[in-house]
Amino acid sequence: MRGKTENARFSTLAIRAGFDPSHHREHSEAIYTTSSFTFDTAEQAAEVFSGDEAGNVYSRYTNPSVRVFEERLAALEGGEDAVATASGMSAILALCLSVMRTGDHVVCSRDVFGSSLGLFANTLSRLDIQCSFVSLRDLDAWEQAIQPNTRLLFCETPSNPLSEIANLSALSDLAKAGGAVFAVDNCFCTPALQKPMAFGADVVIHSATKYLDGQGRVLGGALVGRKDLMEEARSFVRVCGPSMSPFNAWIFTKGLETLELRMRAHCENAQALATWLQEQTPVTNIFYSGLADHSDHALASKQQSGFGGVLAFELAGGQEQAFRYINATELMSLTANLGDVKTTITHPATTTHCRLSAEQKQSSGISSSLIRIAVGLEHIDDLMEDCSRGLRALST
């Protein structure tokens, strides 16, 4: 049979893994927009519903289009299985409620996505699941935070928006010693740049909305990991229903085909823009792990094959200066989303991290003068010109 992917490399897997053409012999993955599936006999229906015979039942939890995306992403991450969900946040919720119960405890890095903070600090606390927040890079703090009832260690790396890097192998060792699941949000790097399971992670989380799609079109999330953990997560999706639609799954599957090429281009543009910003006088601090003077550059170089497309920087002055800079730009899209071919710019303190208290913002390094740019695939000279507009506005 043509199209075999055994021992294939990343770019080949991204194009072909998980695809099993139907009897129609289609060359591109089909979109199965159906709510349910039929059977030839009552006996066959009983066999499929019981799980004794393989087959699709209902698109809330079994759909061929979704399954192609799951299998392809699992192949790229090096995981045993994957579970697709309606959004990145529903993927995190599915993980949490699959591995934890009332009375359990989670340790989480404090500089995760704002909605993730809200989930761990507020939503899960209603179920008497408590969370301890620690500095991403402080391994002693992680170790001290682990309790006998700790079931999950959770982090994002690189962090949003300061590009701090977690020591994945060290955190994996701590999780194993404490009998906890170690989960890593790999949204910023994707498997094209980083494979957390190669460093001991049990589960990888994705907001597929970002780079896996790559063009800001649809919402989706995914978990990748050990088969037993994925079976628990799939059961959650089946019962609770945060399902990925077949159309969205098809979009993500097609996005994976160009993932490696796009991520290389994002990295190239971000590196060039970060290097250029270093030379600009009003810029006081730049946060991008691809810069040699970034505190985590060596660790990022070890764990990642590239440094990603997201950078942040601070200006001399506070929120007024940051707003003046952003408002003067004309090319970049003013939106909090990232992972798009279009470059986006935002002010984290008043958008992505606006619900954090002043104390939480300070501890997470979210200053009033901080600006985040998710560098897209436009020509780098055009991006530099747009950034120059922002800088010129500071002197007027």
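Of all residues in segment 348-364, exactly one satisfies the criterion of being among the small types (Gly, Ala, Ser) and touching a strand residue (DSSP E or B) at 6+ places or on another chain (Cβ under 8 Å), namely 349. Being in contact with a Leu (Cβ under 8 Å, 6 or more places away or on another chain) and in a helix (DSSP H, G or I) is the filter; apply it to segment 241-264 and report the residue that is surrounded by the most Cβ atoms within 10 Å (Cβ to Cβ). Only one residue tops the list, namely 252. Does residue 247 satisfy the condition of being more than 15 Å from residue 71 (Cα to Cα) and in the same structural domain as residue 187 (by TED's automatic domain parsing)? Yes: the conditions hold for residue 247.
Checking residue 114 against (1) touching a strand residue (DSSP E or B) at 6+ places or on another chain (Cβ under 8 Å); (2) surrounded by 19 or more Cβ atoms within 10 Å (Cβ to Cβ); (3) modelled with pLDDT under 95, which test does it fail? Going through (1) touching a strand residue (DSSP E or B) at 6+ places or on another chain (Cβ under 8 Å); (2) surrounded by 19 or more Cβ atoms within 10 Å (Cβ to Cβ); (3) modelled with pLDDT under 95 one by one, residue 114 breaks only (1). Collect the residues in segment 40-59 that are surrounded by fewer than 16 Cβ atoms within 10 Å (Cβ to Cβ), of a type outside the set (S, T, N, Q) and in a loop (DSSP other than H, G, I, E, B), keeping them in residue-number order. Across segment 40-59, the qualifying residues are 40, 51, 52, 53, 54, 55.
Residues of segment 1-31 being touching a Lys or Arg at 6+ places or on another chain (Cβ under 8 Å), more than 22 Å from residue 55 (Cα to Cα) and among the aromatic types (Phe, Trp, Tyr), which ones? Within segment 1-31, none qualify.
Number of residues in segment 277-329 that are hydroxyl-bearing (Ser, Thr, Tyr), more than 19 Å from residue 390 (Cα to Cα) and out of contact with any His (no Cβ under 6 Å at 6 or more places or on another chain) equals 4.
Elements of the type helices (runs of 4 or more DSSP H) sitting completely within segment 313-396 and holding at least 2 residues that are closer than 26 Å to residue 216 by Cα: these cover 319-328, 380-393. Scanning segment 120-149 for residues that are among the hydrophobic types (A, V, I, L, M, F, W, C), closer than 10 Å to residue 105 by Cα and in a loop (DSSP other than H, G, I, E, B) yields 129, 146.
The values are calculated or read from the model by the stated rules, or taken from the named source; none is laboratory data. The shown structure was predicted, so the numbers you read here are calculated from the model rather than taken from an experiment. Cβ atoms come from the backbone with ideal geometry, glycine included; neighbour counts cover every protein chain shown.
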